[in-house]
1. Among the residues of segment 244-298, what is the count of those that are under 17 Å from L218 (Cβ atoms) and polar (S, T, N, Q)?
2. Please determine, by comparing only the residues of segment 75-95 that are loosely packed, with under 14 Cβ neighbours inside 10 Å and in contact (Cβ under 8 Å) with a residue 24 or more places away in the chain, which one is nearest to I145 (Cα to Cα).
3. Looking at F320, F211, F207, which one is assigned to a loop (DSSP other than H, G, I, E, B), at pLDDT below 95 and among the hydrophobic types (A, V, I, L, M, F, W, C)?
4. Considering only segment 133-162, state which residues are charged (D, E, K, R) and farther than 18 Å from T238 by Cα.
5. If you scan segment 229-278, which residues turn out to be of a type in the set (D, E) and surrounded by 24 or more Cβ atoms within 10 Å (Cβ to Cβ)?
6. So which of M61, M32, M56 is in contact (Cβ under 8 Å) with a residue 12 or more places away in the chain and out of contact with any strand residue (DSSP E or B) (no Cβ under 6 Å at 6 or more places or on another chain)?
7. Going by the conditions given, is L236 aliphatic (A, V, I, L, M), under 15 Å from the mean Cα position of the chain (by Cα) and closer than 30 Å to A168 by Cβ?
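The values are calculated or read from the model by the stated rules, or taken from the named source; none is laboratory data. As the structure is a computational prediction, the values presented were derived from the model and not from experiment. No Cβ is skipped: glycine too gets one built from the backbone with ideal geometry, and neighbour counts run over all protein chains shown.
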Amino acid sequence: MEKYRKLLLIFLIIIILSCILAPLVKISLDFMLEKIEFLADSVDYENGTYDFGKVMRRILMLAALIVFVILRKSLGIGPLMALGLKMRSGCFRKFLSGFFMAVISLLIYYSLAILFGAWMIHIDFNSAGIILSEISKYFLIACLIGFIEELFFRGFVLQSFMKDMPIAIAVCATSAIYSVLHFLNTEVLVARGFQVSVGFTTMSQFFKPLFLQFIENLPSSIGLFLVGVVLSYAFLLTKSLYLSIGLHSGWVFMMKADSLFLVRIREKYEWFFGNNNQLVTGFIIWGSLICILFIIKKVYRNTHNSGSYLKSSGSGQNSFK
C-alpha cells in the first residue's frame, strides 16, 4: 500500500478508536467530576453538563499515541522525525529567527489593528507580577505546542506524503489536513450518564462546520492552509524543523499573550483583521503569511537544496521551486 494511503487509513483508525474509547472515558470522568474540582473546571462542568469536545480532543491524542506506538516500525515514524530534528550548526539560531519573525509579523498586525480601531490597548498595571508569570507560561506552552505539532505535521505527515507524491501536492495535502484538524474545537455539551454514541456524536459536531457552514468557515480554512504552507516551506528549505517550530511557537505565543495587553473590538473590519476567535480569517494575516513565505525563500533558498533533502530521505526525484 502506498505510504499516503496507509497514512489516511491510520487517521480513520484513530477516529474510530477514539469513538470507541469515548463512552468508557466519559463514564470514568462522570464519576470524578463531583470529586475533583480541577477536572470539573477543565471541562466547564456546570448544572450537570460539561463540554465533551475538550475531552474528545484528548481522547484523539491518546488514540493517535496508541496507534503510532503499535505501528511505529511499519510507518518509519522514528527515522522520519529524527531526520527533521537532526542537530546541525545554527539550529537554535533558526528557532530564534522563526520565533522573532512570527512575533514581529504579529506586532505589525496589532499596530495596524490599533491604528484602524479594530483593537485597543488595555493593560492592568496593578498586576505586573501576574503578567510576567503569564508571559512565561504562554512562552512555555507555545514552544510545547510548536514542537509537538511540527514534529507531527512536518516531521512525519509531510515527509510520509513526499515519499509517494510530488512535493507541491504533499505540501498542499499536509496543509489541508493541518487546516481541517484545527476545526476540532467545537463545544459539545453533554449530560452525565452513559452514552454509547457520544464519540461519534462529538466527531460529527467537530466536522459539521466544515460541511454545513463551509462558506462561513472558508476564511479560516484559507488562513490555516496558508499557515501550513509557510511552515512546510520553512521545513523544506532548511532541511530541519527548527525554523518551523520557531515560527509556530512565535505565532501561538503572541495570540495567547495579546489578551494581557490588548482587547478586540468585535465586528470591526473582520475581513481585514480577522474575527475575535481566529486572526487567520483576515486579509492582513494572509498578506503577512505571504510576505514571510518570500522572506524565508530569500534568506534560506541557498542554504539547502530540497532535492538533496529528498535524496537523503529516500527520494530524489521531486523538486520544490
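1. 4
2. Looking at the filtered set, the residue picked out is F92.
3. Answer to the check: F320.
4. Those that are charged (D, E, K, R) and farther than 18 Å from T238 by Cα: E134, K137.
5. Listed by number, the list is empty, since nothing qualifies.
6. Values: M61 fails: in contact (Cβ under 8 Å) with a residue 12 or more places away in the chain; M32 fails: in contact (Cβ under 8 Å) with a residue 12 or more places away in the chain.
Step by step, each of M61, M32, M56 is checked, and only M56 is in contact (Cβ under 8 Å) with a residue 12 or more places away in the chain and out of contact with any strand residue (DSSP E or B) (no Cβ under 6 Å at 6 or more places or on another chain).
7. Considered against the rule, which asks whether it is aliphatic (A, V, I, L, M), under 15 Å from the mean Cα position of the chain (by Cα) and closer than 30 Å to A168 by Cβ, L236 comes out as no.
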